[in-house]
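The values are calculated or read from the model by the stated rules, or taken from the named source; none is laboratory data. What you see is a predicted model; the values in this text were computed from it and never measured. No Cβ is skipped: glycine too gets one built from the backbone with ideal geometry, and neighbour counts run over all protein chains shown.
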Amino acid sequence: MRRLLLPLLALAGLLAERPALAEEGRFDAQVFRPAAAPRDLVMVQKSEVIGNLSPTVGLYSDIAADPLVLFLAGDDTNKAVNAITGRLELALLAGIGFFDVFDVTMTMPLILFQEGGNLRRFGTEGSVKSTTVGDLRLSTKVSLPYLNRKEQVKEGFGMAIAGNLNFPTGDQNAFASDGAMSGGATLIADYRFNFGLLLAANAGIWLRPDNQFAGVRVGDMAQFGVAAEQYVVQRWGLSVIGEVYGYPSMTSYPDDPGQIPAEALLGLRWQTKHGITITFGGSFGAACGFGAPAIRFFNVITWQPKTSQEQEEINRLQQRDNDDPDRDGLIGAADRCPDVPGSPENFGCPDLDTDGDGIFDRDDKCPDKPAGPHGKDGCPLAFVRGDEIVITEQVHFATDRDIILEDSNPTLEAVAQVLIDNPEIREVRIEGHTDVRATDVYNLALSQRRVASVMAYLIAKGVDPSRLQAKGYGHTQPIYDDAGCVGPDDQLTPDCQFMTSKNRRVVFRILRYGNAAPKPLTGSPEGSEQILPSGGVLPQKSQGTLPTQGTLPGQGVLK
């Protein structure tokens, strides 16, 4: 923590020493400052720090078109002058991590070539120096406790704080230095998903000396950046990076709207198994302000030993993709569907949902019957199984009464629909059962009244009454022995509450299957079963009715 305070104390010293008013002088026109850590993105940093005692070295280069445009005050308009029409910059990178908690990095910029317009019209030297050095930058990053995602490929949320100091080693006249100490601090947050996507956001401040030149005034700047990285071919270590970042001016001037240099960036990264990481891409100026070029191309190359923590994690990531191409956590013979992600319970194959009710077959107690909106455990509220119409929710009545509670309406509506949809079910007995409480005579009468209420409900929903019977059994057929369970519900033990609730039940017993009953013929008794023989003729009766008992050719006896 003391190491973290040193840069902050230095930044406080910078604030105390900076002049109150902008001084006439040139400034560092470069705002493209890639992070030196090899696993960071480009301009946007990640929360991971360099592994303990893992060294890293590298370099980045970028070439920018029109990174600095000045405006010459003229008659009625400002004439644009390209102070720097092109710049080729190379930077040396180095860093090391400590204790998997913080790291320290160094960046030394070198301007290999730049050219620009004649600046004599601004009352100064004619052109900028073509080759020079920039300001040396020292940076540190500290991961926050309990938010330290140590493994590079581990999913989850991470946060860190970074700080940097810039030493005036560069040539201010060449727009390569601020001419004084500067520095900043950044808050870093990111989240990595298990499918390889990383989202990151940075917010911070860059404390700079106030300078102005040819109408461009530079001072303290805020910092923002958002980025995403997604693996596209994980086994090769290839990922795509997209970023938007910028430095809005925090200093306001009456005659200057302020500078907001910002860029949008797209890059491709290749992480090799030899410890070398190569990132290249391009960006363009996305807002007004110095340092945001018309277009920029960049390349970053870093190296770490093969034994470094970062490289071992990258190797594991690539090996996991080779051994487990569908990334479902199963490899080899354990994965029966190696090219399609699946579940361990299904031996690496996709989970099936035969009935399409949103519940996988392995968790669906009725895999061939859709549960519907009120279903339970993958089963519909009512369905046919053997000699019973099974209900997944019991029918509830008012205490000691035969009034059906409203919460049971969906269950009874489902039973009615099963009977309507299955006319081959010719006869069903509605059986009512009670728990032990009350006398046998009382329980028989109560259960009979309750099943009569259920039967009336089903008839009201369109079920033919000739297909229904109702019989109350009282407490003659209990599922559990609840003989010792007496008293109100709220005074029963948990075991007694369970047993009595199971004994109180309504059962829909299927007594007879058969062909669907045809519609009654004109003049026939409504509801009687009548099936004509193939090619047979029904005897004509003067009264227009069928005999109550007789014989039809080839068919049998009518009852």
Whether any residue in segment 442-453 is loosely packed, with under 15 Cβ neighbours inside 10 Å and over 14 Å from residue 401 (Cβ atoms) is what I want to check. no
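Each row is one residue, and each column tells you yes or no for (1) assigned to a loop (DSSP other than H, G, I, E, B); (2) under 53 Å from the mean Cα position of the chain (by Cα); (3) at pLDDT below 50.
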| position | (1), (2), (3) |
| --- | --- |
| 448 | no, no, no |
| 458 | no, yes, no |
| 485 | yes, yes, no |
| 490 | no, yes, no |
| 527 | yes, no, yes |
| 536 | yes, no, yes |
| 543 | yes, no, yes |
| 559 | yes, no, yes |
Tally the residues that are surrounded by fewer than 17 Cβ atoms within 10 Å (Cβ to Cβ) and outside any strand (DSSP E or B), restricting the search to segment 236-250. 3
Can you give me the number of residues within segment 383-432 that are small (Gly, Ala, Ser) and more than 39 Å from the chain's Cα centre (by Cα)? 4
Selection within segment 495-514 - assigned to a helix (DSSP H, G or I) and of a type outside the set (Ser, Thr, Tyr): 495, 496, 497, 498, 499, 502, 503
Between a first residue in segment 457-485 that is charged (D, E, K, R) and a second residue that is surrounded by fewer than 15 Cβ atoms within 10 Å (Cβ to Cβ) and assigned to a loop (DSSP other than H, G, I, E, B), which pairs have beta carbons less than 8 Å apart while being 6 or more apart in sequence or on different chains? 464/527
Picking from 212, 223, 172, 230, the residue that is in contact (Cβ under 8 Å) with a residue 24 or more places away in the chain and within 22 Å of the chain's Cα centre (by Cα) would be 230
Looking at this structure, is residue 494 surrounded by fewer than 16 Cβ atoms within 10 Å (Cβ to Cβ) and either of a type in the set (A, V, I, L, M) or modelled with pLDDT under 80 (or both)? no
Can you tell me which residue in segment 363-391 is surrounded by the most Cβ atoms within 10 Å (Cβ to Cβ), limited to those that are modelled with pLDDT of 85 or more and not in a strand (DSSP E or B)? 387
Inside segment 408-441, can you point out the residues that are buried (at least 17 other Cβ atoms within 10 Å of the Cβ) and either outside the structural domain of residue 470 (by TED's automatic domain parsing) or of a type in the set (A, V, I, L, M) (or both)? 412, 414, 415, 416, 418, 419, 425, 428, 430, 436
Exactly one of 143, 130, 139 is modelled with pLDDT under 95, within 37 Å of the chain's Cα centre (by Cα) and either surrounded by 15 or more Cβ atoms within 10 Å (Cβ to Cβ) or within 26 Å of residue 62 (Cβ to Cβ) (or both), and that one is 143
